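To keep things clear, I will list the structure first and then write my remarks on it.
Computed from the coordinates by the stated procedures, all read-outs in this text should not be read as laboratory data. From a predicted model like this one, the values you see are computed outputs, not experimental measurements. Virtual Cβ from ideal backbone geometry, glycine too; neighbours counted across all protein chains shown.
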């Protein structure tokens, strides 16, 4: 394990820790801008992937990439489904959301699955999967799915604000 | 209907098409090729083909949906072992599954995810190269897109059918409303004919009885002749109303709204009738009602007829005054009757209060008739001081 890899892992864990902390608090939700950050993350991830891994993409790479993407979609959708709503205390017509403990702990599921799949892919000869860009792509996809699910739930879960 | 199939006739071509496809793939699968076929692939492939034939024949419902899922997943499992031949089953099943309007998004995503994972793992196990994997994934994506297109068009069809049904309902409602309005107009006319004519007859015959008691045969004979004429007029009116009832469609409203060519009752006629029955009426203003159209004239004449009829019934000793005036391009006709200290109640209405004249259907019909003119004409009837006033106001189009 190189220093680079170690620092990557620590940075990734720090980011996830920050995300989880934010998910445990009430934060404002703007449906119009909720997808902006995930799309940016995903785009950076794809660019990094294209730069780093172009050339010898194999079946192993694509298969594991697809599996991990589907996993991010599932985890993101689950987090969105577990989000609770309330009316903002300052502006009664705005919405605040909170993912809650169960939703935040889904990050562990994603991390554990990713570690396992990465090891498996490495043993089978895949190299694309372990790139940094993949982490950003997965993050973007999962946040995007979470935002989409929350957006679709907004009318139904609208709080009884006057 | 939830699976999008409409009637049995339009299903047949699609069923046959699917069965032919199943047959072709089965023959291709079982026909011996150079390299020995993978037994697992063949067996699972046959399961997928059987399920494909099953959902092609099955009617919409849970069974068909289950067969679709089985066919899609088994086909995905068999893709690797059959050199991607069974991707045909996957594509056909995914298209039909996504096209079902009642399938929710999460159901579609789950099925596609399962198939994607199965295809990927199968390719890994079979050491397939990247183009193979990308092409089967491409087939899956294509199937989803085609299915979504078909689903959208089915939803659009359903919405159009709903719109058509609602339009038919609305048309039925308006037809019924027109019919009810027809009937109301007919009821008004019949009331007018019977109430006024028969009411007048009753008064005349009362007078005849009184005259006979007093021995005045000449006067009685004269009254009888007048009553005879009143009855003849009333019968003609009734015949006209019944004739209008028998006419079909919306023309009946038009017929009832316009005066019968043979019925030229004018305000002057009503005044003459009132006086001939032995009651007092004063006239002020223009009785010819110039400047109003025929529908308004009919309404005004009926209103005066109703007011005079009620004056005869409830305040027979009082003088009725008919006033016609024009102001601000409106014609106002009012009938003022001084109310006596005790108003004679209508003997036919049980429980009528002693001091309150009961106008019943006549007033309702009068109000409806003016409302039906639809040009801002109004009529009001009520007490003003010691008089009972019926006032009608219509806009005038013509010059005075």
Report task. Treating the angle as unsigned and between 0 and 90°, give the value, to the nearest 10°, between the Cα long axis of helix B:87-99 and the longest Cα principal axis of chain B. Result -> 20
Report summary line: For A:21, B:137, ascending order of other Cβ atoms within 10 Å (fewest first) is A:21, B:137
Report summary line: Helix B:39-57 sits off the longest principal axis of the Cα atoms of chain B, rounded to the nearest 10 on a 0 to 90 degree scale, by 20
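What is the Cα convex hull volume of chain B when expressed per residue in Å³?
That works out to 244 Å³ per residue.
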Query - Ascending count of other beta-carbon atoms within 10 Å, so fewest first, for B:73, A:3 - result: A:3, B:73
Query - Computed helical MRE - 222 nm, chain B, DSSP H runs ≥ 4 contributing -39500 (n - 2.57), nearest 500 - result: -23000 deg cm²/dmol
Requested in this report: Identify which of B:223, B:172, B:246 has the largest mean-square fluctuation in a Gaussian network model of chain B, with springs joining Cα atoms closer than 10 Å.
Outcome: B:246
Query raised in the report: Considering the Cα trace of segment B:176-227, what is its radius of gyration and what is Dmax, both in angstroms?
Result: 17.6, 57
Query raised in the report: Tell me, what are the semi-axes, in whole angstrom and largest first, of the equivalent ellipsoid of chain A as set by the roots of 5 times the Cα gyration tensor eigenvalues?
Result: 33, 15, 14
Query raised in the report: Gaussian network model of chain B, Cα springs within a sub-10 Å range: biggest mean-square fluctuation belongs to which of B:324, B:153, B:266?
Result: B:153
Query raised in the report: How would you classify segment A:32-82 from its alpha-carbon gyration tensor, with a ≥ b ≥ c the square roots of the eigenvalues: rounded for a/c under 1.5, else prolate if a/b is greater than b/c, otherwise oblate?
Result: oblate
Query raised in the report: What share of all Cα pairs of the protein assembly as shown, in percent, falls into each consecutive 20 Å distance bin?
Result: 15, 27, 14, 16, 19, 8, 1
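Just check segment B:8-128 against the gyration tensor rule for me: Cα atoms, a ≥ b ≥ c as the square roots of the eigenvalues, rounded for a/c under 1.5, and otherwise prolate or oblate depending on whether a/b exceeds b/c.
oblate
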Query raised in the report: Between the helical axis of A:132-153 and the dominant principal axis of chain A, each derived from Cα atoms, what acute angle in degrees is found, rounded to the nearest 10?
Result: 30
Query - R0 of 35 Å, Cβ-Cβ distance residue B:28-residue B:152: FRET efficiency to nearest 0.05 - result: 0.60
Query raised in the report: For the residue pair residue B:16 and residue B:165, what label-to-label distance in nm results when each label sits 7 Å from Cα along the Cα-to-beta-carbon direction?
Result: 3.2
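Dividing the alpha-carbon radius of gyration of segment A:1-77 by 2.2 N^0.38 Å (N being the number of residues), what value is obtained?
Output field value: 1.36.
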Requested in this report: Within 10 Å of each residue's Cβ, count the other Cβ atoms and sort A:105, A:142, B:377 from fewest upward.
Outcome: A:105, B:377, A:142
Report task. May I ask for the distance between the Cα centers of segment B:194-245 and segment B:107-176, given as a whole number of Å? Result -> 81
